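Since the structure comes first, as structure tokens, the remarks are kept for the end.
The values are calculated or read from the model by the stated rules, or taken from the named source; none is laboratory data. This structure is a prediction, so every number in the text was calculated from the model and none was measured. Virtual Cβ from ideal backbone geometry, glycine too; neighbours counted across all protein chains shown.
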Amino acid sequence: MEDLKTSETWRVFRIQSELVDGFETLHDLGPAVTIFGSSRLSEESAYYKEAGIVARKLADDGFAVITGGGPGIMEGANKGAKKGRGQSVGLNIEIPTEQLPNEFQDIPLHFRYFFIRKLMFVKYAIAFIIFPGGFGTMDELFEALTLSQTKRIDHFPIVLYGSEYWKGLLDWLKDTLVASGTISKEDFSLFSLVDTPEEVCTLVVNHCKAYDINLPK
């Protein structure tokens, strides 16, 4: 007879437990912004420092800041948020490499399953700020774009930070995907490209005003 703890049925209970924990912990979080980016960039990186500035400014405006909870850009953002007025949230994931929780989290959550963690990112954020990153960052970016394009989620700012970093990708989208007809030119309106923390904050605040989202006090 199959051991329940190693069965697919037991996995359903683990999934349910993570969902309940996430919903209960974040239910009263209030307006929040999710910041994504590479776990491999050190605190000497300009993007690490700018992620901290962005998070501090958003936190001082009263927004909670959500990250993946790890090192690199995530650490920079959590560190910046912790210095501000908003909550610093880390949605940590159990993986064999790279993901060591940073120490700047007011609210840490730990996930075994990527898809539940990704649900929490989307459900509790009113904007995504995408700093330079690798496969994980690209995964979050394109999932957000897909959900927005297909109207499975309400429109919200998807902000690419760092025009120099993103230029090659955007050129490829235009020269290959738009040119071949697999996406339209109008799909470029799904995201914004910025180079300063001030631009990020302006986009987020203007979105709140346009969609009657109560701004943090």
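So which of G76, G86, G90, G80 is at pLDDT below 95 and either part of a helix (DSSP H, G or I) or in contact with a strand residue (DSSP E or B) (Cβ under 6 Å, 6 or more places away or on another chain) (or both)?
G86
S189 passes all but one of (1) touching a residue at least 12 places away in the same chain (Cβ under 8 Å); (2) more than 30 Å from I95 (Cβ to Cβ); which number fails?
(1)
Of all residues in the range 39-60, which are part of a helix (DSSP H, G or I) and acidic (D, E)?
Matches in the range 39-60: E50, D60.
Can you run down the residue pairs with Cβ atoms below 7 Å, 6 or more apart or on separate chains, where the first is in the range 162-181 and in a helix (DSSP H, G or I) and the partner is loosely packed, with under 11 Cβ neighbours inside 10 Å?
Listed by first residue and then by second, the contacts come to V178/K185.
Which members of the range 89-104 meet the condition of being under 21 Å from A46 (Cα atoms) and buried (at least 21 other Cβ atoms within 10 Å of the Cβ)?
N102, F104
Restricted to the range 15-33, and to residues that are out of contact with any Pro (no Cβ under 8 Å at 6 or more places or on another chain) and within 13 Å of A59 (Cβ to Cβ), which residue is surrounded by the most Cβ atoms within 10 Å (Cβ to Cβ)?
V33
Considering (1) closer than 24 Å to I15 by Cβ; (2) crowded, with 16+ Cβ neighbours inside 10 Å, say which one Y113 fails and leave the rest.
With (1) closer than 24 Å to I15 by Cβ; (2) crowded, with 16+ Cβ neighbours inside 10 Å applied to Y113, the lone miss is (2).
If you check G84 against the conditions, is it among the small types (G, A, S) and within 16 Å of the chain's Cα centre (by Cα)?
no
Could you please find all residues in the range 185-196 being touching a Gly at 6+ places or on another chain (Cβ under 9 Å) and closer than 18 Å to G80 by Cα?
D195, the sole residue that qualifies.
Taking the range 162-217 only, how many residues are β-branched (V, I, T) and closer than 19 Å to A144 by Cα?
Going through the range 162-217 one residue at a time, the tally reaches 6.
Residue-by-condition table, conditions (1) touching a helix residue (DSSP H, G or I) at 6+ places or on another chain (Cβ under 6 Å); (2) closer than 18 Å to F191 by Cβ:
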| position | (1), (2) |
| --- | --- |
| A55 | yes, no |
| A59 | yes, no |
| Q87 | no, no |
| N102 | yes, no |
| M120 | yes, no |
| M138 | no, yes |
| F156 | no, yes |
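Give me the pairs, please: first residue somewhere in the range 8-31 and on the phi < 0 side of the Ramachandran plot, second residue anywhere and among the aliphatic types (A, V, I, L, M) and part of a loop (DSSP other than H, G, I, E, B), beta-carbon distance under 7 Å, and either six or more positions apart or on two chains.
Within 7 Å, the pairs are P31/I126; P31/I213.
List pairs: first in the range 112-123 and closer than 15 Å to Q16 by Cβ and touching a residue at least 12 places away in the same chain (Cβ under 8 Å), second part of a helix (DSSP H, G or I) and not hydrophobic (A, V, I, L, M, F, W, C), Cβ under 7 Å, 6+ apart or cross-chain?
Here the result reads R112/R14; R112/E18; Y113/E18; I116/E18; I116/G22; M120/G22, each pair linking the range 112-123 to a residue that is part of a helix (DSSP H, G or I) and not hydrophobic (A, V, I, L, M, F, W, C).
For the range 182-196, does any single residue satisfy the condition of being among the aromatic types (F, W, Y) and part of a helix (DSSP H, G or I)?
yes
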